[in-house]
Each structure stands twice: as structure tokens, then as C-alpha cells.
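The values are calculated or read from the model by the stated rules, or taken from the named source; none is laboratory data. A quick note: this is a predicted structure, and the numbers were derived from the prediction, not measured. Heads up, the Cβs are rebuilt from the backbone with ideal geometry, glycines too, and the neighbour counts pull from every protein chain shown. These area figures cover heavy atoms from the full protein model, side chains too; ligands, DNA and RNA do not enter into them. Shrake-Rupley method; radii C 1.70, N 1.55, O 1.52, S 1.80 Å.
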Amino acid sequence: MAKTQKSVFFCQNCGHESSKWMGQCPACHEWNTFAEEKVVSTKGSSARKAASLSKNVPTRIRDISLSQDARYTTGSKELDRVLGGGIVHGSLILIGGDPGIGKSTLLLQTCRNLAAQGRKVLYISGEESLQQIRMRAERIGESPESLFLLAETNLGEIRETIEREKPDVCIIDSVQTMYSEDVTSAPGSVSQVREATAVFLMLSKALGISIFLVGHVTKDGAVAGPRVLEHMVDTVLYFEGDRHASYRILRAAKNRFGSTNEIGVFEMRDTGLAEVPNPSEYMLSGKPEGASGSVVSCSMEGTRPVLLEIQALIIKTSFGMPRRTAVGTDYNRVNMLMAVLERRCGVSLSSCDAYINIAGGIRMNEPAVDLGIALAIVSGYRDIPIGDRVIAFGEVGLSGEVRSVSQAAQRVQEAAKLGFENILLPRSSAKSVKAPAGVTLCPVGTLREAIGAVFGNAVRS
Ligand code: TYD
Ligand code: MG
């Protein structure tokens, strides 16, 4: 086999390739992330084999069979939703997330569910011993018969095992611990991670096995992160959440078989991850009664409306420049809303510090929460609480107008379900919405009008 060896530098953060070392990566602008890797290319490279999967004969699109049961459920409604309705046969799914967030737990639970459906599942771990996985499985519940474990990191061995055992589903925990003997660089480096992913891609497509890859997200550049692999796999899911809080959110960053808007919400308990079927209730569970600067708004996460509490703390700047902080939402958007409030509604915020927080640690960037943020700022500034049964949503424009949002009726339904009685919404969206029993709709055209409706007096600076 003809071997050529050359030395190249890879950004360990984004996978950018360069022939010389650089201090800053020109692609992702991270500093000090370049590492030298020896690349040996042999004719028999598995990546190249993967490319020659089809038999070189073009097929008519009509002649390709559409199997009815192309998807099967994972046994978890939340995971199914994020995947676009279940696992597609022969798909390659990457799950990224910080260490300790619960990736292994989620996948082990999924394995249990799949094995309980009678599917053959192979869980390959390069990080934990079989005893450790068994111990975790004990916490989650009893283990079904068709769940097999393997502790292995050698890619060649893993490939042989998968080809021999032919499981329906295979888990690789994690892709960064796998190494191929054909590649000289250390496990976790860009070349190794790419090689491993190419092998799993080939296996999943050739044998119709659905493979989940676990990838750690790292910022220090020690190990190549999932960013490097995003373009190679079918679906990229990120598991996020505050390690100190118990809920976790699963988001799709890329999905060839479904929408990327959906989120799955889980709660980490001492018996594993539990699904949270109604995230709104969960998000509002700690809401203080009668506190100023607290407003409930509604954001659409895919097809599901999620209610959330926006908190604003506004205090006089004691020294120099006013300080603005936004946690869980876009900082620039908060600055823009403050400018609109100052200019269009006469609320003088230029000498105030503002701290905005979406309670619960969730990140929401939908413009529909603008009205909620603006009202929270006014409530915080005046130190007047907004009624507990009030909810506000709508996009705020630069002239202070409240613009329409999508799926207003669904948001109103969700708010009514959780007992909200007064709903502020854009006038243009209100036309298409019928108020449910016991709910008063309050359509507003401008931010000024909304402030008037909530606080009684139109403007007081
Ligand atoms: P883990 O799945 O090992 O994380 P990852 O694979 O993403 O690195 O999850 C580890 C954390 O989850 C650990 O801090 C303990 C916690 N945990 C629970 O709270 N309850 C449980 O039942 C399990 C299995 C883990
Ligand atoms: Mg793990």
C-alpha cells in the first residue's frame, strides 16, 4: 500500500487545516488551538472505502423503495421529538455536550428502551469500564436481555465487532476516545476523530445500523470537539443546561430528517433522566408572587409554546458607565429595547444599571419575548409589580411598535391552560385569536400602549 506522510496543523476547535502553525485560527478566531498532526494517507483508508459505497450505477429516484417503517421510536417522547419523530434506519447521530451533563445517562436509558422493544443494542464505551456502566444502569432500572456492552477503543476491533454482531443500534461513547492504528496522532485529535467518524458513517450506511456518537464540547482545545464532525453526520444534537440545576435541554443543531427547532426537556433525578412533558409549568415553578420586574412571556420552541419568566433588576448607576447584563437572552436585543423605551416611551434608563435574566437558566432568543422584556424593565424601573395572572408577548420594533408574531393562538392556549387571565399580544395577531373562557385579550399596537394598559398611566418618566 502506498503511504505518504505529511505533517499538517489542525485547529482543535473547528478543524481548520493549515500547513503552518498559527497563533489564531482564521476560521473560528480562537487563540492557540493549532496542533501538529502527522497525516498518513494509505490507499486503503476507510474514509475512501466509505465513498465507494454505491455500486457506481445511477438509480432512478422512483425505483428507490420507500420503506414504511423508516423510523422507530426511542421510547422517549422528548428524544423522538428532537430527532423529528424517531430514529431513522442507518442514521448517524452526534450528541454533543459538556462533560457530566448526562450524555451517557441519556443514551444508556435510550438503549434500555430500545432493547426492551426487542432491538439488539450494542453500547461501546471507551471511557468507562463495564462495571461502571452496570452500576449506572442499576440506578436507572433493570437491564433488558438484548443490551450488550463492550469496553473498547480500537477502531479496527470495534468495526469487526459491529460487522459480526450486526446490532440494530450502536452507541459510541465517546468518539474522542476512539483511535485508529492507521493514523499516528493521539486519540481525540482532529485526524483521529475524523477517521473514526468516517468509519462509523460507512458502517451505518452500509449495514443500516443507527449509530449514536457522543462528543465532548471543549473550549480549551485539548480535544477536537463535535464542531469538526458536524458536516459528516446526519443529525447533531446538543445537550445543554446548567450543571448545578437539574433540568437539561436537548436541541437539534442539524437534522437531515426533521426540524431543528424542536427541543426536548429532561430533568436529572437520582434515578436518571426523567422527561418533562410540560416545560412551561416547570419554568414557572419558582416564580415569586407580587415581585416587581418579573413578567411572564411565551416563546415558541418548534411546535411547542414554552412560558418563561423574565426578570429585570434596574438600579441607579453608582459609578461611571451604566452596566447592562443579559442572562439567557441576547444582550444586544436588551440594549435595543432599552433604547426604544428611552426614546419612544420616555423611560429614562441612561443612568441605570440593568440586569435581565430568563429564570430557570434556559436560553430564549425568539423576538416574541421582546414585549415581556420591555415590560419587565419598566416594572423593575418603577418598582411596581405586574399582576401575577398577566402574560405578554410580541416583537418590539425600533419605532416602539408591537409587531405580530407567529402562532399567537397556540401561545394564548398555553397561557390559558396555565391559568393566565390577561394576555397582552400584538394587535395584528389578535384578530386571528379567539379568547378562551375566563381569559381577557388585550391587543396592543405600541409599547406605549402596552405600558399604559399594564400600569394604568400612559407615561411617567
Ligand atoms: P453522565 O451521563 O456521566 O454525563 P456525560 O456522559 O455527559 O459526561 O452524567 C453524569 C452526571 O449525572 C453526574 O454528575 C451524576 C448525574 N446523575 C444523576 O444525577 N442521576 C443519575 O441517575 C445518574 C445516572 C447520573
Ligand atoms: Mg459520559
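Key figures for this structure:
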| read-out | value |
| --- | --- |
| Cα radius of gyration and Dmax for the range 108-243 (Å) | 14.7, 41 |
| Rounded to whole Hz, the Karplus (6.51, -1.76, 1.60) HN-Hα couplings of the range 370-380, x for glycine and proline | 3, 4, x, 5, 4, 5, 5, 5, 5, 4, x |
| Ranking by accessible area, most exposed first, for Tyr331, Tyr247 with a 1.4 Å probe | Tyr331, Tyr247 |
| D (Stokes-Einstein, µm²/s), Kirkwood Cα radius, the range 336-444, 0.890 mPa s at 25 °C | 167 |
| Per residue convex hull volume, Cα atoms of the range 269-371, in Å³ | 133 |
| For the range 240-299 and the range 322-382, distance of Cα centres in Å | 21 |
| Within straight-line cross-link reach of Lys434, aspartates and glutamates at Cα separation under 15 Å, skipping those fewer than 8 residues along the same chain | Glu414, Glu421 |
| Relative contact order (%) - the range 161-311, alpha-carbon pairs under 8 angstrom, separation at least six | 14 |
| 5 angstrom amide H check on Gly96, placed H, neighbours 5+ away | Gly215, Leu237, Tyr238, Phe239 |
| Local net charge near Ile171, Cβ-Cβ under 14 Å (Lys/Arg +1, Asp/Glu -1) | -1 |
| Per-residue ³J(HN,Hα) for the range 171-184, Karplus 6.51 cos²θ - 1.76 cosθ + 1.60, θ = phi - 60°, Hz, x for Gly and Pro | 10, 10, 10, 10, 5, 6, 8, 7, 9, 10, 6, 6, 10, 7 |
| Accessible area in square angstrom per residue, the range 163-207, 1.4 angstrom probe | 34 |
| For the chain, calculated [θ]222 nm from helices alone, where every DSSP H run of n ≥ 4 adds -39500 (n - 2.57) | -8000 deg cm²/dmol |
| Added length on full extension, which subtracts the Cα-Cα distance from 0.36 nm per residue, Arg323 to Glu281 | 11.9 nm |
| Relative contact order [Cα under 8 Å, 6+ residues apart], the range 82-202, whole percent | 24 |
| Accessible area of Asp63 in the full protein assembly, 1.4 Å probe (Å², nearest 10) | 100 |
| Reachable aspartates and glutamates, given that their alpha-carbon falls under 15 Å from the alpha-carbon of Lys6 and they are not under 8 places away in the same chain | Glu17, Glu36, Glu37, Asp182 |
| Value of relative contact order over the chain, rounded to a whole percent, pairs C-alpha under 8 Å and six or more apart | 12 |
| Fully extended contour minus Cα-Cα distance, from Ser404 to Ser259, at 0.36 nm per residue | 49.9 nm |
| Sparsely packed GluC sites (Glu not before Pro) within the range 263-322, loop by DSSP, other Cβ within 10 Å at most 10 | Glu289 |
| Calculated from backbone phi, Karplus (6.51, -1.76, 1.60) coupling profile of the range 148-164 in Hz, x at Gly/Pro | 10, 10, 8, 9, 7, 10, 7, 4, x, 5, 4, 4, 4, 4, 5, 5, 7 |
| Sites matching trypsin sites (Lys or Arg not before Pro) across the range 406-458 that sit in DSSP coil, with at most 10 neighbouring C-beta atoms within 10 Å | Lys431, Lys434 |
| Accessible area of the chain belonging to carbon and sulfur atoms, whole % at 1.4 Å probe | 50 |
| Solvent-accessible area of Ile140 with every protein chain in place, 1.4 Å probe, in Å² to the nearest 10 | 20 |
| With Cα atoms, 0 to 90° folded angle of helix 190-207 axis to the chain main axis | 80 |
| Under-5 Å amide H pairs with Arg324, H placed in peptide plane, nonlocal only | Ala354 |
| Ratio Rg/Rh, restricted to the chain and using Cα atoms, in which Rh is the Kirkwood radius | 1.05 |
| Sparse-neighbourhood loop sites, trypsin sites (Lys or Arg not before Pro) in the range 59-129 - DSSP loop, at most 14 other Cβ within 10 angstrom | Arg60 |
| 20 Å cut-off, amide nitrogen to a point 7 angstrom out along Glu165 Cα→Cβ, residues in the range 182-203 | 196-203 |
| Residue-level accessible surface for Arg256, protein heavy atoms, 1.4 Å, Å² | 130 |
| Å² of accessible area per residue within the range 396-461, as computed with a 1.4 Å probe and no ligands counted | 49 |
